[in-house]
Amino acid sequence: MKTKRVEILFEPKEYRTLEERARVEGRTVGSMIREAVAKYVVAPDDEKRREAAEWFSSQEMDFDSDWEKVKQEIIDARVESIEKSLGD
């Protein structure tokens with residue numbers, strides 16, 4: 001259930017464009033704005049989590065080691081990955 005309200009001011013031309021698109025799609029302007037927030041504000045966090053999980057699962061690490069050693073291996077591998085991406 002939606003319980004928070006936000007007021008957003010648009011230029012008249014922008015709002016007309018939103019209204020027209022909403023009408024064509026059979027939606028409300030509010031639903032379009034909520035979708036945009038979900039896609040461009042909330043979803044990037046989900047995408048980063050997914051990428052981190054994929055990266056983590058792709059690493060070859062000895063998990064029989066003690067936890068401190070595993071943590072250091074994770075950090076070292078991530079630093080190496082970042083350094084490679086910065087060098088591209």
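The values are calculated or read from the model by the stated rules, or taken from the named source; none is laboratory data. Please read these numbers as outputs of a predicted model, since none were measured by experiment. No Cβ is skipped: glycine too gets one built from the backbone with ideal geometry, and neighbour counts run over all protein chains shown.
Going through (1) modelled with pLDDT of 90 or more; (2) in a loop (DSSP other than H, G, I, E, B); (3) within 24 Å of the chain's Cα centre (by Cα) one by one, residue 32 falls short only on (2). Taking every residue in segment 24-40 that is under 16 Å from residue 14 (Cβ atoms) and pairing it with any residue that is aliphatic (A, V, I, L, M) and assigned to a loop (DSSP other than H, G, I, E, B), at least 6 positions away or on another chain, the pairs with Cβ-Cβ distances below 9 Å are 33/6; 33/8. Each residue in segment 48-67 was checked for being assigned to a helix (DSSP H, G or I) and at pLDDT below 75, and 1 pass.
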